[in-house]
Amino acid sequence: MGYYRGMPNAQITGWGKCLPPAVLTNDDLATVMDTSDEWIVERTGIRERRISHVDTSELGLVAAKRALAAAGRDADDIGLLILCSASPDLLIPNTASRLQERLGNKQAAAFDLNSGCTGFVYGLKVANDHIGNYPDSPVLVVGAERLTWYLDWTQRDTAVLFGDGAGAAVFEPAEPGQGVIETHLGCEAAAGKALMVADFGTVMNRFGPDPTRFELMFDGREIFRQAVKGMALACQTVLAKAELEVADIDLVIPHQANERIIDALTNRLGMDDARVFKNIAQYGNTSSATIPIGLTEALEQGRVQPGATILMVAFGAGLTWGAAIMRWGDRTEALSTCIAELPPSNRTGPGLIAEAIEFFRNAPN
Ligand code: UT7
């Protein structure tokens, strides 16, 4: 099964997550914009999200250290480090190199991967291909985001959706018949304008009146429609490539963007709720981090059994989409745990966004 004939598939041998401690509830948001807990829960399933007091790479660092410990690996064992993010610390150098330095790894190739919220599924595909060619070179894939940095807190349709966080996974060669069985990736570029940060990058006018202003262009209904269509097609295609049926899937770990999107997708696939992992209520949409955070929590909650067949599926800016099927190995417990923590902070969610709210309130339209 699978098209990696003669080459090993990659298996996830370590997993970890990092959620910053500051919580921003729907009721907190309702004190600064025209929204309500009732509207947000009914339309999205989100109840609260985390706001980071540190940069993206620091969130990724803690998740990565925990994943390495779970795999029983040292940082220096890693031969390829992929940092999936749409909210990197810096553009130059890439954030993967900052992460590599902070991990203390001296030999890995390191690059950033930006496929929006689909980043981790794209990273998984690259990791699988790399392991197929270089089985002695473990891969660390990190999904880390500080997406709240982009938000305009006067825009209630987007501000309520996103949160910060990171998840990570270590990939090594699988036993025959296990690991990443199939992947299917794509991009509907014609719909890309539905979700873009316009005017940020070399397209921005550096010498204009206010170069610090940029806008998140967002058409929620169009993204919703494309998300259900693209993810359903990705799932059907990857299942067909793997010669599997929906009934063969033990657990789906979908991107967490909107609970209604997840439900529409799984209804379309004919999949019962008990096999669908959701944690959107607590964290909102953490973009490329949702799937590795979800996988980590599914393992912590005992929802991944040895030999389980897992479907991961996502969509995001681009509009990109992708799905992957993995057959889990025998081990569902971490080999060891890591005590790495973020630097302590006593700042609250509302306190962390207060400066941005003040900025947007006073900014000319
Ligand atoms: O990973 C990719 C990231 N993007 C997404 O996942 C977004 C996908 N889209 C969505 O999740 C949904 O389209 C939204 C949650 C963004 C919006 O839900 P919707 O059911 O499509 O609502 P809508 O845009 O049709 O708006 C319905 C109403 C509007 O008011 P009127 O025109 O009916 O008076 C909006 O102005 O809800 C209003 N509204 C809000 N009301 C209270 C929009 N945002 C809010 C809000 N609180 N936060």
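The values are calculated or read from the model by the stated rules, or taken from the named source; none is laboratory data. Note that the structure is predicted; figures quoted are calculated from it, not measured. Glycine also receives a Cβ, built like all others from the backbone with ideal geometry; neighbour counts cover every protein chain displayed. Note: areas computed on protein heavy atoms with side chains; ligands, DNA, RNA excluded. Shrake-Rupley method; radii C 1.70, N 1.55, O 1.52, S 1.80 Å.
For labels at Asp330 and Glu222 in the simple 7 Å Cα→Cβ model, what's the distance in nm?
5.2
Using only Cα atoms, tell me the angle between helix 119-133 and the longest principal axis of the chain; keep it within 0 to 90° and round to the nearest 10.
30
Answer with one residue from Thr237, Gly104, Gly270: the one whose Cα lies farthest towards the positive end of the charge dipole of the chain, charges on Cβ with Lys, Arg +1 and Asp, Glu -1.
Thr237
Please compute the contact order of the stretch 10-362 in relative form: average sequence separation of alpha-carbon pairs under 8 Å and at least six residues apart, divided by the residue count, as a percent. Intermediate values should be presented prior to the final figure.
Values: 842 pairs, mean separation 94.9, N = 353.
Reported as a whole number, the value is 27 percent.
Grab the other residues whose beta carbon is less than 12 angstrom from that of Trp321, score K and R as +1, D and E as -1, and report the net.
0
Suppose every K and R has +1 on its Cβ and every D and E has -1 on its Cβ; what is the size of the dipole of the stretch 140-208 about the Cα centre, in Debye to the nearest 20?
Numbers: 4 positive and 9 negative charges, 76 e Å.
Using Cβ point charges on Lys, Arg, Asp and Glu, the stretch 140-208 gives about 360 debye.
Share of the stretch 10-362's accessible area from carbon and sulfur, percent, 1.4 Å? Don't jump to the answer; show the numbers that get you there.
Values: 7270 of 14730 Å².
Within the stretch 10-362, the accessible surface is 49 percent carbon and sulfur.
Residues in the stretch 204-239, backbone N under 18 Å from the label point at Glu42 (7 Å along the Cα-to-beta-carbon vector): list them, ranges by number please.
It comes to 221, nothing else.
Please find the FRET efficiency linking Asp129 to Ala240, where r is the Cβ-Cβ separation and R0 is fixed at 25 Å, and quote it to the nearest 0.05.
On the way: r = 20 Å, r/R0 = 0.81.
Given R0 = 25 Å and the Cβ-Cβ separation, E is 0.80.
Whole number please: convex hull volume per residue of the Cα set in the stretch 195-353, in Å³? Present the calculation step by step, with values, prior to reporting the outcome.
On the way: hull volume 27.7 nm³, N = 159.
Cα-based convex hull of the stretch 195-353, divided per residue, equals 174 Å³.
Would you mind estimating how fast the chain diffuses translationally, via Stokes-Einstein at 10 °C and 1.306 mPa s with the Kirkwood radius over Cα pairs, in µm²/s?
Values: Rh = 20.5 Å.
My calculation gives 78 µm²/s for D.
Which value, in debye to the nearest 20, gives the size of the charge dipole of the stretch 10-362 about its Cα centre, when Lys and Arg are +1 and Asp and Glu are -1 at the Cβ?
Values: 30 positive and 45 negative charges, 59 e Å.
Computed about the Cα centre, the dipole is about 280 debye.
What's the tally of Lys pairs in the chain whose alpha-carbon atoms lie under 19 angstrom apart, where the two lysines are 8 or more places apart or on different chains?
Details: Lys17/Lys65; Lys17/Lys278; Lys65/Lys106; Lys125/Lys241; Lys193/Lys229; Lys229/Lys241.
Within the chain, the lysine pair count is 6.
Consider all pairwise Cα distances in the stretch 1-135 and report the whole-number % of them above 24 Å.
43
Set Lys and Arg Cβ to +1 and Asp and Glu Cβ to -1, take the dipole of the stretch 10-362 about its Cα centre, and tell me which of Gly165, Tyr134, Asn346 lies farthest positive.
Tyr134
Simple spin-label model, 7 Å along Cα-to-Cβ: Met7 to Glu300 in nm?
3.4
Which listed residue (Gly220, Thr35, Met7) has the Cα farthest towards the positive end of the charge dipole for the chain, taking +1 on Lys and Arg C-beta and -1 on Asp and Glu C-beta about the Cα centre?
Met7
Count charges around Cys338 for me, please; just the other residues with Cβ under 13 Å from its Cβ, Lys/Arg as +1, Asp/Glu as -1.
Working: positive: Lys17, Lys65, Arg66, Arg73; negative: Asp74, Glu341.
Neighbour charge sum, excluding Cys338 itself: +2.
Taking the full set of protein chains and a 1.4 angstrom probe, give the accessible area of Met196 in square angstrom, rounded to the nearest 10.
The accessible area of Met196 comes to roughly 70 Å².
If the stretch 126-273 were replaced by its equivalent ellipsoid, with semi-axes equal to the square roots of 5 times the Cα gyration tensor eigenvalues, what would those be, largest first, whole Å? Working shown, then result.
Details: eigenvalues 222, 99, 41 Å².
Output for the stretch 126-273: semi-axes of 33, 22, 14 Å.
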